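S.K.: The structure under discussion is supplied below as structure tokens; questions concerning it will follow.
The values are calculated or read from the model by the stated rules, or taken from the named source; none is laboratory data. Please read all numbers here as calculations on a predicted model, not as lab measurements. Glycine also receives a Cβ, built like all others from the backbone with ideal geometry; neighbour counts cover every protein chain displayed. The accessibility values were calculated without ligands, DNA or RNA, using every heavy atom of the protein model including side chains. Shrake-Rupley method; radii C 1.70, N 1.55, O 1.52, S 1.80 Å.
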Amino acid sequence: MPTPVPPLALGGDYNPEQWSSDVHAEDRDLMREAGVDLVTLGVFSWAHLQPALDRWEFDWLDRQMDDLQAAGIRVDLATATASPPPWLARRHPEMLPVTQDGRTLWPGGRQAFCPSSPVYREHALALCRALGERYADHPALALWHVSNELGCHNARCYCDVSAAAFREWLRARYGDVDRLNDAWGTAFWSQRYGDFEEVLPPRIAPAFPNPTQQLDFLRFSSDQLLDNFVVERDVLHEVSPGVPVTTNFMVMRQTFEMDYLRWGREVDVVSNDHYLMADDAHAHRELAFSADLTRGTAGGAPWLLMEHSTSAVNWQPRNRAKAPGETIRSSLAHVAHGADAVLFFQWRASRAGAEKFHSALLPHAGTDSRLWREVVQLSEVLDSIEEVSGSRADNRAAILYDYEAWWGCELDSHPSIDVTYRDRAEDFHRALSAAGIGVDVVHPGSDLSRYRLVVVPTLYLVTDEDAAAVAAAAEAGATVVVTYFSGIVDESDHIRLGGYPGAFRDLLGVRTTEFLPLVEGESVTVEGLGDAGVSADVWAEELELAGAEAVAHHADGPAGGRPAVTRREVGTGAAWYVATRLAPDGTDHLVERLVAEAGLDRLPGASADVEVTRRVGNDASWLFVINHGSEDASVPVTGTELVSGRSVSDDLVVPAGGVAVVREEH
Ligand code: GAL
């Protein structure tokens, strides 16, 4: 019988088809040496499993499953549908994806399929079923891994097959074409449709394509990809009951096409891939935010870090190698934010192919390398903290996050290209984390009743219900803070009239009659947050008070003299509005006031460079400390530090670059 995923598993993608059998034997020995106990097998194996339409070759995979089992290594078995083999595209060129400007994406890379292609689906499901039936009872099997990073390269396809599927999706959403005309505002620019058959995906057009058409196409595309997961999952549930099914998300700053907060409801366990960007000097902050968002997609449950890198990747313009200790820090950071497994792409660095310069657990240099020694050390660290597995966060602050708001916010033809969706969310997350406040990142429609502080960043598009839930949270005693370009449109991307920010105007007690976006490079001064003025850029508003009090003012710029930050008492809580893009020190000052007002408890020892989180179990709690800075950090905590095995009494010193996990004594 299959067995569960090991607690705090260590491992990665294993691609044995790239190597000969003597290497396989060495792989297993070295996996044992490194403490690897879970590998993801078969992600890109379709062409090896089915070399031709009527030829199947499972022997090699049978051997792998048996040998891994004998070595005590569990398998996250992929359905291998991520990249169709060349013979399939040759038979069915109509399954290839097409870009917005009409170019076909050919085989030769990977993921060359249209997510709406019935041909692709038929063949993918046949493969999925064959694998499901063959390995359902294999003792090495711990988890099913559907496809791989669905939508990584083919998230939006504009081909004729997709166009027909889009029309079906629109028929289901709107019923008749006049409702679509209303929702899309087609009275504008002579876009009125007489029949669904006239509707196309938003292909390259002479002028801005209709914004609601673009928004619906993003919704449709996310739904189509999710459907690719759901149909495979359903086959696996049928033939392999009881074995959890996942697909690896890509929750990170660069990836916006998939609505993972919806997808999270469909997987048995959330897994995520995360890579640091070399040009981000504070990449660990983006990691922390993404990991909290990943936990949000899992509804707060533990999740699996399916992929990250031991060192450099190969797909950025300049691929920075991780500094000594960085792999352990990033791994522990994911665990600190709720991951229960630490897996990598990939086990052994490839000799050939497009990813031969991507780092791995086992580098080209072999085991006599700093990287390998760090992997072995990571394995020891994970073993020492295994008891945290299954525990959760217990936070009282939330950042509301919504992929539809992201899509809407960053459409073209807007007031300023500099208003981007994740920007404010990440800055509040940074400031709260530095202040020692643990944060959940959740959908606006979730239960907000546990939160004392609710941050609503750039929620451009919001439904009536979600806006009402935010107001209800303030009524019930929470401190709510809304930032600019929130509540502007409804779900059809229609402006909420009567003054901005329409959906939150009454709650906030403000009324903006005109946006005053700043020009590139312009910065203004805001007074009233700290002792000195703080700078702000990107955005300002012609804002009038309508029940709120001004907390801070613009000293200059197009909104000179007007309120920049406001506050209104609401029920037993309060609603704040931030009408400009504060520089980080401005956000820090604001967050200090919000945290004090909300009466939030702080995690000990947190600062800009020292990341601190707490995971809570049934009868224990663990404080994670990750020191990203260049100076030793001192943390007032009492308990047992698990990595060193030492007791600490109110004075834990975490060296520069070091990590610590303390089982707390209360
Ligand atoms: C992921 C992908 C892996 C590998 C990795 C490299 O996007 O799932 O197969 O390509 O990136 O960083």
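S.K.: What translational diffusion coefficient, to the nearest whole µm²/s, does region 590-666 have by Stokes-Einstein, given a Kirkwood radius computed over alpha-carbon pairs, a temperature of 4 °C and 1.567 mPa s viscosity?
M.R.: Estimated diffusion coefficient is 99 µm²/s.
S.K.: With a cut-off of at most 15 other beta carbons within 10 Å, and DSSP calling the residue loop, which trypsin sites (Lys or Arg not before Pro) in region 307-409 qualify? Please list them.
M.R.: Arg318, Arg351, Lys356
S.K.: Using the beta-carbon distance between Glu57 and Asp585 and R0 = 60 Å, what value does 1/(1 + (r/R0)^6) give for FRET efficiency, to the nearest 0.05?
M.R.: For Glu57 and Asp585, the calculated efficiency is 0.45.
S.K.: Let me ask something else about it. Fully extended, how many nm does the chain gain between Ser416 and Arg91 (0.36 nm per residue separation, minus their Cα-Cα distance)?
M.R.: Extending this stretch completely gives an extra 112.4 nm.
S.K.: A follow-up question, please. Just to confirm the filter: which chymotrypsin sites (Phe, Trp or Tyr not before Pro) across region 402-502 are DSSP coil and have at most 13 other Cβ within 10 angstrom of their Cβ?
M.R.: The qualifying sites: there are none.
S.K.: At 1.4 Å probe size, put Asp651, Asp556, Asp27 in order of accessible surface, largest to smallest.
M.R.: Highest to lowest solvent-accessible surface, that is Asp651, Asp556, Asp27.
S.K.: When the chain is fully extended, how far beyond the present Cα-Cα distance does Ala207 get from Thr572, taking 0.36 nm per residue of separation?
M.R.: Net length gain for the segment: 126.5 nm.
S.K.: Further, regarding this structure: Quick one: check the C-alpha center-to-center distance for region 4-29 versus region 46-80, whole angstrom.
M.R.: About 12 Å separates the Cα centre of region 4-29 from the one of region 46-80.
S.K.: Which distance in Å, rounded to a whole number, links the C-alpha centroids of region 588-666 and region 205-278?
M.R.: Going from one Cα centre to the other spans 34 Å.
S.K.: Return the long-range amide H neighbours of Leu10 (sequence gap of 5 or more, or a different chain), with a cut-off of under 5 Å between placed amide H atoms.
M.R.: Amide H neighbours of Leu10, under 5 Å, 5+ apart: Asp37, Leu38, Val342.
S.K.: Hey, can you grab everything whose amide H is under 5 Å from the amide H of Asp402? Only 5+ residues off in sequence or another chain; H modelled, so Pro and N-termini drop out.
M.R.: none
S.K.: Still on this structure, please answer the following. Which ³J(HN,Hα) values in Hz, rounded to whole numbers, follow from the phi angles of region 318-334 under the Karplus curve 6.51 cos²θ - 1.76 cosθ + 1.60, where θ = phi - 60° and Gly and Pro get x?
M.R.: Rounded to whole hertz, the list is 10, 9, 6, 6, 6, 6, x, x, 5, 5, 5, 4, 5, 4, 5, 5, 4.
S.K.: In whole Hz and in residue order, list the ³J(HN,Hα) couplings for region 441-452 that follow from phi through the Karplus curve 6.51 cos²θ - 1.76 cosθ + 1.60, θ = phi - 60°; x for Gly and Pro.
M.R.: My calculation for region 441-452 gives 10, 9, 5, x, x, 7, 5, 9, 5, 7, 8, 8 Hz in order.
S.K.: Now for a different question. Which value in nm describes the separation of the simple spin-label points at Arg173 and Ala354, placed 7 Å from the Cα toward the beta carbon?
M.R.: Roughly 3.0 nm, to one decimal.
S.K.: Leaving ligands, DNA and RNA out of it, report the carbon-plus-sulfur percent of the accessible area of region 482-533 at a 1.4 Å probe.
M.R.: Result for region 482-533: 42 percent of the exposed heavy-atom area is carbon or sulfur.
S.K.: Hey, what did the chain get for relative contact order, percent, Cα under 8 Å, at least 6 apart?
M.R.: 10 percent
S.K.: Once phi is turned into θ = phi - 60°, what whole-Hz ³J(HN,Hα) does the Karplus curve with 6.51, -1.76 and 1.60 give for every residue of region 406-411, x standing for Gly and Pro?
M.R.: Result, rounded to whole Hz: 4, 4, x, 4, 9, 5.
S.K.: Same structure, new question: Taking a probe of 1.4 Å, how large is the accessible area per residue of region 397-598, in Å²?
M.R.: 34 Å²
S.K.: Search the structure for amide H atoms under 5 Å from the amide H of Val482, placed 1.01 Å from N in the peptide plane, and list their residues when 5 or more places away or on another chain.
M.R.: Correct list: Val456, Trp576, Tyr577, Val578.
S.K.: Between Glu520 and Trp189, take the C-beta separation as r, use R0 = 22 Å, and let me know the FRET efficiency to the nearest 0.05.
M.R.: 0.20
S.K.: Can you give me the % of accessible surface on region 1-122 that is carbon or sulfur? Probe 1.4 Å, all protein chains present, nothing else counted.
M.R.: The nonpolar share, carbon plus sulfur, comes to 51 percent.
S.K.: Given a 1.4 Å probe and the protein chains all in place, what does the accessible area of Asp182 round to, in Å² to the nearest 10?
M.R.: 110 Å²
S.K.: Here is a follow-up. 7 Å from Cα along Cα→Cβ at both Ala546 and Trp315: what's the point-to-point distance in nm?
M.R.: 4.6 nm
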